[in-house]
Amino acid sequence: MNATSERVALAAFFSGSILAGGNGVGVRFSNRELAPFWGAGFRFALAAALLLAVMAALKLAVPRGQALAGAVVFGALNFGGAFALAYYALVRMHAGFGQLVLALVPLATLLLAVLQRQERLRIGALGGALIALAGVAVMSREALRGSVPPLSLLAAVGSALCFAQAAVIVRRFPPVHPVTLNAFGMATGALLLVIGSTLAGEPVELPKRAATWAAIGYLVVAGSALVFVLYLVVLRYWAASRAAYTFVVIPVITLILSAWLDDEPIGIGLVLGGSLVLTGVYVGALRRARSPASPPTRAVGDAI
């Protein structure tokens, strides 16, 4: 790869990581006015409409049969289940804490792929899992001392598992263009989130505050569509294993932004636990540069 291509990839990598790092903070601002399931459904309805417009502009085919089923299943897990839990968690949990938990996604994906016989278990993956679990335990103690309810922490972990399972199960279906996969996936997720909002008796209302509209605009345009495009640019020049380092960069960006914009306290327990989580993710899932890379991820949903 020449120097120009490397510069383009680096610029896309850091730009995408910084924009994705703001998603958790955006969700926190959205949750202050909108009920969590409704806010998530509203966000993904708008994002799906945007990507469907992109599909039309690019003249991409509508998936059918097993390909359509794969997009729907992916959307139900990656956008419906994962974001329902993530939005619920972030009602009472700061964005930096939540994104550190979601940094477990690459490692959880690898372990679920092993359990479902898509990949083989490696000693590094097992060691990384133990290190990351130690980090979650440290952060759990920090959370229990503060104002984070245990259910919020469990919801964040559940969200990470939904993201991971979505990445594993989508490989069982015929491949779909990434724009199409995300468009139909987000539409499916939005529908499920709105249904969940109705069943939960949440108020269905449009935002009244300018800050909420700004947060949703950011989440739809920058945090969803633009992050997705930048990740595709990175994958054009880098192997998927190298591009996956965004999962280590994003929590750092989120912590900085959350401390600045949302007054998130950064104590020693959060720093130590978060460092263990990121170390475990690196050891277990990302330290694979000398081995064949896993199939590239076909969607970006792991950054809140």
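Within the stretch 124-131, is even one residue assigned to a helix (DSSP H, G or I), surrounded by fewer than 24 Cβ atoms within 10 Å (Cβ to Cβ) and without any contact (Cβ under 8 Å) to a residue 24 or more places away in the chain? Looking through the stretch 124-131, none of the residues is assigned to a helix (DSSP H, G or I), surrounded by fewer than 24 Cβ atoms within 10 Å (Cβ to Cβ) and without any contact (Cβ under 8 Å) to a residue 24 or more places away in the chain. Of the residues in the stretch 104-120, at least one is touching a helix residue (DSSP H, G or I) at 6+ places or on another chain (Cβ under 9 Å), outside any helix (DSSP H, G or I), surrounded by 19 or more Cβ atoms within 10 Å (Cβ to Cβ) and at pLDDT 80 or above. Residues in the stretch 10-33 that are at pLDDT 90 or above, over 13 Å from L219 (Cα atoms) and polar (S, T, N, Q): 1 in all.
For the stretch 170-192, the candidate set comprises residues that are β-branched (V, I, T) and in a helix (DSSP H, G or I); within that set, the residue that is farthest from the chain's Cα centre (by Cα) is T180. The residues on offer are L68, L10, L52, L60, and the sole one that is over 19 Å from the mean Cα position of the chain (by Cα), part of a loop (DSSP other than H, G, I, E, B) and on the phi < 0 side of the Ramachandran plot is L60. Annotation note: Cβ proximity below 6 Å between a residue of the stretch 145-157 that is among the polar types (S, T, N, Q) and a residue that is modelled with pLDDT of 85 or more (sequence gap 6+ or interchain) occurs for S152/A89; S152/R92; S152/M93.
The residue of the stretch 188-222 that is surrounded by the most Cβ atoms within 10 Å (Cβ to Cβ), among those that are farther than 21 Å from L52 by Cα and of a type in the set (S, T, Y), is S197. Filtered by the rule that a residue be closer than 16 Å to A215 by Cβ and of a type in the set (S, T, Y), the stretch 68-102 gives a lone residue, Y87.
The values are calculated or read from the model by the stated rules, or taken from the named source; none is laboratory data. As the structure is a computational prediction, the values presented were derived from the model and not from experiment. Cβ: placed from backbone, ideal geometry, glycine included. Neighbour counts: every protein chain shown.
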